[in-house]
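The values are calculated or read from the model by the stated rules, or taken from the named source; none is laboratory data. Everything quoted here is computed from the prediction, not taken from an experiment. When we count neighbours, we look across all protein chains shown, and the Cβ atoms used for this are built from the backbone with ideal geometry, even at glycine.
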Amino acid sequence: MSTEQWPPPHPYDTLLALKAEAEKFEGGIVDLSIGRPCDPPPAALIEAAATSNLERGYPPSIGIAPLREAAGNWMARRFDVHVDPTNIAACVGTKEFVASLAGLLKLRTPERDTVLFPAIAYPTYAMSATLAGLRAVPVPLDENWCIDLSQIDPADAARALCLWINTPGNPAGGMDDLGAAAEWGRSNNVPVFSDECYIEFTFSGEPRSILHHGQDGVIAVHSLSKRSNFAGGRVGFYAGDAELVHYLSECRKHTGMLVPGPAQAAAVAAFNDDEHVVAQRQIYLDRMKRLVELLAKMGLPAELPGGAFYLWVDAPDGAMALVERLAKEVGMIVSPGTFYGPDGENHIRIAAVEPAEKIDLLFERLG
Ligand SMILES: Cc1ncc(COP(=O)(O)O)c(C=O)c1O
């Protein structure tokens, strides 16, 4: 990240000029840049928010008991992961949790100063370190876009406040060995935070949680933004190591991190229902298949990911050149791989987040 401008521009703001250009196409822009869900959340969720009667008082920062129970039941039902609700706490969507984590861990372990994260990843892991004046140290990925733990310098491990891992991975859909990550964390005495917000959109094998490998020293982070198309509700949770959950939830109470009451009630309804997620999984898969077809027509080979809803596509002439080509040729806006770290310079990320009609438009524009 450049140190010339503080704060740096938000990555997506750098696409505004290209978006204006894409908007000129008849039918408008097809925006496949931000991973923002376009499908509706389930009706039961909206109904629960409207009738919660939780508007008046301050909601508990850790989440109301029914929310923590519903989150625990969901993990047990879907993934055979069993966490006591006392070791589960709410967050206001997971971005704020990720962004604020490094500073809180630094206060707990002042002699350490480093955040480890995958070299191609959701940018907020590194930003968390930057915002706290700490070191952000990327860990290289292997040829399957999985974190290569063997490449962590022992000197960095000794300084690490935490290791972030993200499976299925944004942007490249990598499927990490979470057991190896948990073991690495325990043997190096580094807490491992596993961002599992795409767990329901696992297409290769069974869904993976770090909590399949015990709870000591590890935390799983989950979100309803993608699972239930509820990014606007801002509900997520973190669960696992009892001492870490307790420490973080006590700190977060002081900073006023509270999920609004009606959103908490909606989250209970969301976690209690799996049917809408089954439908959503198929929608993303169908969209990604169509996008792969479209790209093939444009001479751009692409493969379906092991999970999540992004295509990670080769851009041999540079990410930005391909981003511009797609905007100008078909009015499609995508993200340059550099949004996810310098190692992404020869890739773009395409998010399957526009409805089928919009993807049809892209085929029409190709002629
Ligand atoms: C890997 C990853 N983690 C976390 C988030 C944050 O999601 P939210 O703050 O909506 O829970 C995103 C959003 O795109 C993401 O891709």
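Looking across region 105-124, just one residue is over 18 Å from Gly217 (Cα atoms) and assigned to a helix (DSSP H, G or I), and that is Thr124. Note on region 14-52: residues that are in a helix (DSSP H, G or I) and either within 16 Å of the ligand (Cβ to nearest atom) or of a type in the set (Ser, Thr, Tyr) (or both) total 3. Taking the conditions (1) in contact with a helix residue (DSSP H, G or I) (Cβ under 8 Å, 6 or more places away or on another chain); (2) buried (at least 20 other Cβ atoms within 10 Å of the Cβ) in turn, Leu105 satisfies each one other than (1). For region 206-222, the criterion of being at positive phi, within 13 Å of the ligand (Cβ to nearest atom) and under 15 Å from the mean Cα position of the chain (by Cα) is met by no residue. Farther than 21 Å from Asp80 by Cα, away from the ligand (no atom under 11 Å from the Cβ), in contact (Cβ under 8 Å) with a residue 24 or more places away in the chain and not charged (D, E, K, R): is that true of Ser249 in this structure? Considered against the rule, which asks whether it is farther than 21 Å from Asp80 by Cα, away from the ligand (no atom under 11 Å from the Cβ), in contact (Cβ under 8 Å) with a residue 24 or more places away in the chain and not charged (D, E, K, R), Ser249 comes out as yes.
Just one residue in the set Arg365, Arg325, Arg349 is among the basic types (Lys, Arg) and buried (at least 24 other Cβ atoms within 10 Å of the Cβ); that residue is Arg349. Listed by first and then second residue, the pairs with beta-carbon distance under 7 Å, at least 6 apart or on different chains, first residue in region 175-201 and assigned by TED's automatic domain parsing to the domain that holds Gly236, second surrounded by fewer than 20 Cβ atoms within 10 Å (Cβ to Cβ) and hydroxyl-bearing (Ser, Thr, Tyr), are Met175/Ser204.
Across region 208-228, the qualifying residues are those that are of a type in the set (S, T, N, Q) and over 22 Å from Gln264 (Cα atoms), and the one among them that is surrounded by the fewest Cβ atoms within 10 Å (Cβ to Cβ) is Gln215. Taking the criterion of being without any contact (Cβ under 8 Å) to a residue 60 or more places away in the chain, surrounded by fewer than 23 Cβ atoms within 10 Å (Cβ to Cβ) and within 16 Å of the ligand (Cβ to nearest atom), the only residue of region 140-174 that qualifies is Cys146.
In the set (1) in contact with a helix residue (DSSP H, G or I) (Cβ under 7 Å, 6 or more places away or on another chain); (2) surrounded by fewer than 20 Cβ atoms within 10 Å (Cβ to Cβ), the condition left unmet by Gly205 is number (1).
One line per residue, one yes/no per condition, for (1) buried (at least 21 other Cβ atoms within 10 Å of the Cβ); (2) more than 19 Å from Gln264 (Cβ to Cβ); (3) of a type in the set (A, V, I, L, M); (4) outside the structural domain of Cys197 (by TED's automatic domain parsing):
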{"position": "Lys24", "(1), (2), (3), (4)": "no, yes, no, yes"}
{"position": "Gly28", "(1), (2), (3), (4)": "no, yes, no, yes"}
{"position": "Glu47", "(1), (2), (3), (4)": "no, no, no, no"}
{"position": "Thr51", "(1), (2), (3), (4)": "no, no, no, no"}
{"position": "Glu55", "(1), (2), (3), (4)": "no, no, no, no"}
{"position": "Gly63", "(1), (2), (3), (4)": "yes, no, no, no"}
{"position": "Pro66", "(1), (2), (3), (4)": "no, no, no, no"}
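For region 229-237, state whether one or more residues are surrounded by fewer than 21 Cβ atoms within 10 Å (Cβ to Cβ) and away from the ligand (no atom under 16 Å from the Cβ).
Filtering region 229-237 for residues surrounded by fewer than 21 Cβ atoms within 10 Å (Cβ to Cβ) gives 231-232, 234.
Still in the list and also away from the ligand (no atom under 16 Å from the Cβ): none.
Looking for residues that are surrounded by fewer than 21 Cβ atoms within 10 Å (Cβ to Cβ) and away from the ligand (no atom under 16 Å from the Cβ), one finds none in region 229-237, hence no.
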